[in-house]
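All remarks here apply to the structure that follows.
The values are calculated or read from the model by the stated rules, or taken from the named source; none is laboratory data. Computed from a predicted model, the values in this text were never measured in an experiment. Backbone-built Cβ (ideal geometry, glycine too); neighbour counts: all protein chains shown. What goes into the accessible areas is simple: the full protein's heavy atoms, side chains included, and nothing from ligands, DNA or RNA. Shrake-Rupley method; radii C 1.70, N 1.55, O 1.52, S 1.80 Å.
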Amino acid sequence: MYSNEHKKYIRKKKIRKILIILMQILLLATLIIGWELLAKYKIINTFITSSPSNIIKTIISLYKDNNLFNNIWTTIYETIISFGIGTIIGIVTAIILWWNNFIYKVVDPYLTVLNSLPKIALGPIIIIFFGANIKSIIIMALLISVIVTIITVYNGFISTDKNRINLLKSFSASKYQIFKMVILPSSYSTIISSLKINISMTLIGVIMGEFLVSKKGIGYLINYGSQVFNLNLVISGIIILMIVSYIMYIIVSYIEKILIKKD
Amino acid sequence: MENISKNLNDILIIKNLSKIYHTDDSEILAIDGLNLNIKEGEFVAIVGPSGCGKTTLLSILCGLENKSSGEIIYPKGKLKMGYMLQNDTLFPWLNILDNCMLGLKVEKNITNENKNKVLKLLETYGLKDFIYKYPNNLSGGMKQRVALIRTLAINPDILLLDEPFSALDYQTRLAVSDDVWKIIKKEKKTTIMITHDIAEAISMADRVIVLTGRPSYVKKIYPIIMENKSTPIKNRNLKEFRVYYNEIWKDIDIHV
Ligand SMILES: Nc1ncnc2c1ncn2[C@@H]1O[C@H](COP(=O)(O)OP(=O)(O)O)[C@@H](O)[C@H]1O
Ligand SMILES: [Mg+2]
């Protein structure tokens, strides 16, 4: 049994939560309705601002032309492939750098330079090297995520508590045992949260890649729309992208929660 | 030089040990000509001002650091060291049993017999209900006992304890040092314990070794002889205790 005081406290908290959600919905509705009304009474030029009803029509027609999920799937597919490859390359490289400090010292300045370089600048070269196809998109996305993964995971490895390493050394553990039994489990949550950042970085890379060499994908929709000055298509693309990236974020957060719950 | 004289019971002889740490901008002479003999089955406490090189000494003994010069001799054959580090190093992602099995796992020596021995130790020392719990569910004193059992699990010839109770509050510290002492005596382990708590050293040890400030060497050795010597907590009330305390305190004080 809770005291009345406590019940009051709980109720107050609940009401506040409901109020926040209501306000959020209200805000969204006001935006959409305001936008629609402004468009309807021609206060704004729908040719450049589009309107909610036009956007819905555009999305429905994309769906009818069998283009909607095709494009969404292309973007998701490219993201997952780049994410997978980027994660593996990133973690393996971090392991090598941890294993051999000499190699780390040698490549350290290169990593720093590459990390600070805006990767989009490499776009044209990538296209020339790999052609205007999905390969270039994946490499673009890879480049964006992989350097950060290497640096984050490596830093996770080396920030492992020295005492824990010494403990294993006092049992005469091999380097492989130290890695497996201390370094990896200690850096587990660092790795997981780096993956979470990674998936959004990869998505940025994929969209950038699609802007550059697009034939399919959400980035292509947006880019194509702007080339033919069809703002309905551009804004629909952005909204689809918003929804897709939000859903991805939710899924990744959920996976993160499951994976990190253990300790 | 008095303690270099050979004794039949010696299992470890440290001769003229020195250690220099090299860093980018300096050389630190941590230990300078340290001599010490350890007899089988005895409990030796080492006291000395902080930063004098106590942890360094243990690290060298168990091979984590290389000595710069001197000799470490094992008259009765190489000894297996069981090192209990200064800080709490239980792994939060392993349960208590797995934490205790860690050394055996590294040695690829997890047999049923060894596992049962660990379980028996956990049971004997009041941790039976916690074997599947994780370290963050345990009190500071329990963690120290787990760390000790983890060290005992690999069946070392000699225990090296580095300020095992420094993380505990005073009350717990008294009780846990009593427990740990009893465990060590029951398991009949030769022990070298580092502490900066003079009272703890006198109450637990057969001999107290006083080190100088850095660079350290052995300043004085006190065999602790008390008429009615029993467990650490009780020893603190004996009349000889005060005498030793005052003498050792003076030894250390001069150098701080
Ligand atoms: N890895 C290291 N590199 C350089 N200096 C060290 C290292 N470890 C310890 N020292 C130095 O050696 C001295 C002795 O350290 P330590 O053995 O930890 O002292 P204590 O355990 O007695 O407090 C200190 O001055 C410390 O700064
Ligand atoms: Mg120390």
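Restricted to the range B:15-119, the set of helices (runs of 4 or more DSSP H) holding at least 1 residues that are within 16 Å of ligand 2 (Cβ to nearest atom) comprises B:54-61.
Go through the residues of the range B:100-114 one by one and say whether even a single one is under 17 Å from the mean Cα position of the chain (by Cα) and of a type outside the set (A, V, I, L, M, F, W, C). No, that holds for no residue.
So, in the range B:103-115, of the ones that are within 7 Å of chain A (Cβ to nearest Cβ) and touching a residue at least 24 places away in the same chain (Cβ under 8 Å), which residue ends up most open to solvent (accessible area, probe 1.4 Å)? Selected residue: B:Glu107.
Only one of the numbered conditions (1) modelled with pLDDT of 95 or more; (2) touching a helix residue (DSSP H, G or I) at 6+ places or on another chain (Cβ under 7 Å) is not met by B:Val44, and that is (2). Of the residues making up the range B:184-197, those that are within 16 Å of ligand 2 (Cβ to nearest atom) and buried (at least 19 other Cβ atoms within 10 Å of the Cβ) are B:Ile192, B:Met193, B:Ile194, B:Thr195. Restricting the range B:23-46 to residues that are polar (S, T, N, Q) and exposed (fewer than 14 other Cβ atoms within 10 Å of the Cβ) leaves a set whose member that is farthest from B:Lys185 (Cα to Cα) is B:Ser26. In the range A:222-263, which residue that is exposed (fewer than 12 other Cβ atoms within 10 Å of the Cβ) and within 14 Å of chain B (Cβ to nearest Cβ) is modelled with the lowest pLDDT? Step by step, filter the range A:222-263, then rank; the result is A:Lys262.
Restricting the search to the range B:211-256, which residues are in a strand (DSSP E or B) and within 16 Å of ligand 2 (Cβ to nearest atom)? Across the range B:211-256, the qualifying residues are B:Leu211, B:Ser216. For the range A:104-124, filtering for residues that are in contact with a helix residue (DSSP H, G or I) (Cβ under 6 Å, 6 or more places away or on another chain) and surrounded by 13 or more Cβ atoms within 10 Å (Cβ to Cβ) leaves 5. The single condition among (1) open to solvent by less than 10 Å² (accessible area, probe 1.4 Å); (2) modelled with pLDDT of 90 or more; (3) in contact with a helix residue (DSSP H, G or I) (Cβ under 8 Å, 6 or more places away or on another chain); (4) more than 16 Å from ligand 1 (Cβ to nearest atom) that B:Val180 does not satisfy is (2). Identify, by number, the condition in (1) surrounded by 13 or more Cβ atoms within 10 Å (Cβ to Cβ); (2) free of Cβ contacts under 8 Å to residues at least 12 places away in the same chain that A:Ile60 doesn't meet. Only one criterion is unmet by A:Ile60, namely (1).
For the range A:152-168, state whether one or more residues are hydrophobic (A, V, I, L, M, F, W, C), crowded, with 16+ Cβ neighbours inside 10 Å and touching a strand residue (DSSP E or B) at 6+ places or on another chain (Cβ under 9 Å). Yes.
Yes or no: B:Ala167 open to solvent by 60 Å² or more (accessible area, probe 1.4 Å) and within 16 Å of ligand 2 (Cβ to nearest atom)? Yes, satisfied.
Sub-8 Å Cβ pairs linking a first residue in the range B:47-59 that is within 14 Å of another protein chain (Cβ to nearest Cβ) and open to solvent by 10 Å² or more (accessible area, probe 1.4 Å) to a second residue that is assigned to a loop (DSSP other than H, G, I, E, B) and near ligand 2 (Cβ under 9 Å from one of its atoms), at least 6 apart or interchain, are B:Thr55/B:Gln86, ordered by first then second residue. Among the residues of the range B:155-173, those identified as free of Cβ contacts under 8 Å to residues at least 60 places away in the same chain and more than 22 Å from B:Asp251 (Cβ to Cβ) are B:Leu168, B:Asp169, B:Tyr170, B:Gln171, B:Thr172, B:Arg173.
Residues are listed down the side, and each one gets a yes or a no for (1) away from ligand 1 (no atom under 16 Å from the Cβ); (2) open to solvent by 50 Å² or more (accessible area, probe 1.4 Å); (3) under 22 Å from B:Thr55 (Cβ atoms):
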{"residue": "B:Pro75", "(1), (2), (3)": "yes, yes, no"}
{"residue": "B:Asn87", "(1), (2), (3)": "no, yes, yes"}
{"residue": "B:Pro92", "(1), (2), (3)": "yes, yes, no"}
{"residue": "B:Met101", "(1), (2), (3)": "yes, no, no"}
{"residue": "B:Leu161", "(1), (2), (3)": "no, no, yes"}
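Checked against (1) under 18 Å from B:Leu97 (Cα atoms); (2) at pLDDT below 90; (3) in contact with a strand residue (DSSP E or B) (Cβ under 8 Å, 6 or more places away or on another chain), B:Pro164 meets all criteria but (1).
Taking the criterion of being in contact with a Gly (Cβ under 9 Å, 6 or more places away or on another chain) and surrounded by fewer than 18 Cβ atoms within 10 Å (Cβ to Cβ), the residues of the range B:116-159 that qualify are B:Asn155, B:Asp157.
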